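This report concerns only the one structure given below.
The values are calculated or read from the model by the stated rules, or taken from the named source; none is laboratory data. Everything numeric here is computed off the predicted structure, so don't read it as measured data. Keep in mind that these areas ignore ligands, DNA and RNA; they rest on the heavy atoms of the full protein, side chains included. Shrake-Rupley method; radii C 1.70, N 1.55, O 1.52, S 1.80 Å.
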Amino acid sequence: MPSKPVDRLIRRSAAKWIILSYSSGGRATAEELNDVLRNNGNILDVIEVDYKKNVMSGMKWTDQWLRDSEQPNREFLFLLQKG
């Protein structure tokens with residue numbers, strides 16, 4: 001499950017609030033991330049941004065990050081209150 005490192009990072013953080021960025025073109029699914037966030041606190045706010053191109057697509061040394069520049073990519077910023 002790709003979100004295990006995220007879960008571990010959130011749990012170990014001493015912060016009361018965390019802002020987490022999630023890209024729809026990323027490895028973790030939205031469902032996995034939602035479970036991790038809800039298991040670690042309360043999601044206070046979500047901001048959604050529409051990007052046409054993944055920032056990582058310019059990195060040519062690995063095909064792993066290449067995305068079709070015409071496909072929309074959604075970026076989500078989550079404000080999490082731990083607890």
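Taking amide H atoms as placed 1.01 Å from N in the peptide plane, the amide H of Asn73 lies under 5 Å from those of Tyr51, Lys52, Lys53, each 5 or more residues away in sequence or on another chain. Accessible area per residue for the stretch 1-46, computed on protein heavy atoms with a 1.4 Å probe, is 70 Å².
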